[in-house]
Every structure is written in C-alpha cells, then in structure tokens.
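Quick notes on the structure that follows.
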Amino acid sequence: MTEVAIRATGDEGDVEQTFLKALALLEQAHRRLHDVVKDKLERSGERSLTGVQALLLYEIGDGETPASALRARGSFAGTSMSYNLKKLQEGGYLIQTRSSDDRRTVRLKLTPSGLAVRARVQDLFEKQATSLEPTASVRPDDLDQLNRTISRLERFWSDQIRYQL
C-alpha cells in the first residue's frame, strides 16, 4: 500500500496514535508501580525509601548480585542506579563490596533491613498477583500477551540502537 493510500485509509495515523498511547500507558504504569510500592512501605512504617529504591532492593535479591547484572537487565539507568545504591548503602539497606578478582566489579548484598524491605515488596507482588483476575479482570493469558508484546517492543528498540535503524 502506498503512503497516500495508507493516509487515505487512516491506518498509519491509527498505528501512530495507538503506539503513542501505548508509550504513555507504559510510562504511567511504571510510575504508578513506584507509587504503589512507596505506599506499601509507608503503610508499614518505612518512610525513608523511594519506590525506585525498594524495587532496586527487590531486584538485588536475597543473595549476592553484581551491580552490572542490574544494569544488564535494563531495569535501572547507570547514574540513577549509582545514586540510589549510594543512598541505600548510607541507609544501611545494602553492602557494596569490590570483587577480589576484578576490582572494577561491585557486588551487592542486602542487610537485614534491606531483606525486610525486599520481603515487603515480594509480599505486595504476591498479593497483587492473586487479586488481578478477581479485582481487575486481568487473566493469565492477558499477562502472557502483554509480556510477549513488551518483549517484542524491547527487542525492536534494541535493534533500533544496535543497527542504527
């Protein structure tokens, strides 16, 4: 179909508008997740952390994790992550150590306080997962489709960078 024919049918505008709406919804959902996590922490008496910091503790896990693994997962940007890791260490939520093999490698481990926050976030996610269908009519197959679509978008954007498209 030619560009003129696409414009005449309105398909290109529909795709563009739908894409832009999807981008806005992804961003809003991401911000709302931070708000929900922050609210959960505040209700349990934890007022010193942001939602981003709590999610960072959750992503670190209950073992020892290289900081580079968090960056590789794409969840956290470099400068923002560095700032938040510093704040989390200062707050007593995690310990950063340099690898004895490679001094450039930083390993992260949660303190008991960090593990407690991580447990609260994990509890929140478990409760939300069980209430998605009865409360929000979100079924497992809806989530499967969402995950496939978001994965394809992420791959599309990665290719844009990698292949300079």
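Quick note: the coordinates plus some simple rules give every number you see, no bench work behind them. Note that the structure is predicted; figures quoted are calculated from it, not measured. Neighbour counts run over all protein chains shown; Cβ positions are idealised from the backbone, glycine included.
Extending 7 Å from Cα along the Cβ direction at residue 132 and again at residue 23 yields two label points whose distance is 2.6 nm.
Approximating the spin labels as points 7 Å out from Cα along Cα→Cβ, the residue 69-to-residue 99 distance works out to 1.1 nm.
Taking the chain as the region of interest, the number of lysine pairs whose Cα atoms are within less than 19 Å, with members eight or more places apart or on different chains, is 6. Residues considered: 37, 15, 138. Largest GNM mean-square fluctuation over the chain, using C-alpha springs under 10 Å, is found at 15.
Dividing the mean sequence gap of close Cα pairs (under 8 Å, 6+ apart) by how many residues the chain holds gives a relative contact order of 19 percent. Kirkwood analysis of the chain, using all unique Cα-Cα pairs, places the hydrodynamic radius at 18.7 Å. Placing +1 on each Lys and Arg Cβ and -1 on each Asp and Glu Cβ, with no other charges, gives the stretch 3-162 a dipole about its Cα centre of roughly 820 debye.
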